[in-house]
Structure formats: C-alpha cells, structure tokens
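Worksheet: the structure to be examined is printed underneath.
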Amino acid sequence: MLDSLIVPLLVTTDLPPEADLAEFGDLLTGAARTLERDGSSYPAFLAGKVFWLDQPGSADAPGDLRFAALLGYLAASGSEHVARNVVADARKAISAAVDSRYGDLGAATPAVMAIRATDVRERTPSPALFVETADALPELVAVTKPYT
C-alpha cells in the first residue's frame, strides 16, 4: 500500500462569466497531478466537485467576474508530507495554472486552503460537477475514492 496524505481542500476564485465549469475543474485537477517542494516533485491526486458560488447572470456588466469553487480531497504520495506543505505546493501549482488560463481575463489568484472533511460533505451543493485528476497514480485514486 502506498503511503499517502489526504487533505480536504477548498479552492475558490473569480472567473469570467463565460468560463466553463468543467474546464475549470479539469484545470484544477490537472494542476494538482504533480506537486513540487524544494526542487523535488511528487505525485498527487485531486478529486472533488466544482460549482458556482453565485447565481447565473449575477454579473452586472460585461467583464464582471463570477465566483467558482471546488470542494474535495487532495492526496499526496509519500509518508514524509505534512498537510501545510502539501496545501502550499497545491496552491502554487493551482495558482500558476489559473493565472496562465484566466489571468489576462481579470481572474484573481485563487484561494487554496485545507478545510475540515465535514465541510466538504456538508457544504458541497448537490448539482456540483464531479472532477478528478486524469491519469493519476492508481494507488492515490484508490485511497481517495472512499472520501469522494
């Protein structure tokens, strides 16, 4: 069995109103596939649900941004990891991906933070869209699935 750390995670940012929620979810989960710390990389897996935090059409004028979020679980391989560092590594990777994709459209750097597992279960709206890291290590997928 693979040693791993699983961290309940919240990611939230503003996006252009025409942004596609599935694409946003794929961007987040793809960014979390490989994380880096001190010049070394390690595999990770992010699974969760993405959703809008505001109502459709809530942007008042063209160019106004909407707020999107992901609630889920981040698994990182290796027994030496601590949650604070894994979240910091995920924040760095996710922020770079969101900035690369949406930065020129006015999106802010996303908030990426560890939360309680009960918050993931209780606060994820039912119509949210499930997303997960494609081509992740099967062992990371297997240890995370019971949580999702």
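The values are calculated or read from the model by the stated rules, or taken from the named source; none is laboratory data. Only a predicted model underlies this, so the values are computations on that prediction, with no experimental measurement involved. Cβ placement follows ideal geometry from the backbone for every residue including glycine, while neighbour counts extend to all protein chains displayed. For the accessible areas, the whole protein counts, side chains as well, though only heavy atoms, and no ligand, DNA or RNA atoms are used. Shrake-Rupley method; radii C 1.70, N 1.55, O 1.52, S 1.80 Å.
Here's the yes/no breakdown for (1) without any contact (Cβ under 8 Å) to a residue 12 or more places away in the chain; (2) loosely packed, with under 13 Cβ neighbours inside 10 Å:
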{"position": "Leu21", "(1), (2)": "no, no"}
{"position": "Val50", "(1), (2)": "no, no"}
{"position": "Leu74", "(1), (2)": "no, no"}
{"position": "Arg84", "(1), (2)": "no, yes"}
{"position": "Ala108", "(1), (2)": "no, no"}
{"position": "Ser126", "(1), (2)": "yes, yes"}
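For the list (1) over 12 Å from the mean Cα position of the chain (by Cα); (2) crowded, with 17+ Cβ neighbours inside 10 Å, I need the number of the one condition that Pro138 fails.
Condition not satisfied by Pro138: (2).
Does Ala75 satisfy the condition of being part of a helix (DSSP H, G or I) and closer than 14 Å to Ala31 by Cα?
No.
Which ones in segment 16-67 are touching a Gly at 6+ places or on another chain (Cβ under 9 Å) and modelled with pLDDT of 90 or more?
Gly25, Leu28, Thr29, Tyr42, Pro43, Leu46, Ala47, Gly48, Lys49, Val50 - these are the residues of segment 16-67 that are touching a Gly at 6+ places or on another chain (Cβ under 9 Å) and modelled with pLDDT of 90 or more.
Which condition from (1) in contact with a helix residue (DSSP H, G or I) (Cβ under 7 Å, 6 or more places away or on another chain); (2) at pLDDT below 90; (3) open to solvent by less than 40 Å² (accessible area, probe 1.4 Å) is the one that Leu2 breaks?
Of the numbered conditions (1) in contact with a helix residue (DSSP H, G or I) (Cβ under 7 Å, 6 or more places away or on another chain); (2) at pLDDT below 90; (3) open to solvent by less than 40 Å² (accessible area, probe 1.4 Å), the odd one out for Leu2 is (3).
From (1) part of a helix (DSSP H, G or I); (2) modelled with pLDDT under 95, pick out the condition that doesn't hold for Ala96.
Unmet condition: (2).
Let me confirm something: among Ala83, Ala96, Ala31, which residue is closer than 20 Å to Val131 by Cα and over 11 Å from the mean Cα position of the chain (by Cα)?
Ala96
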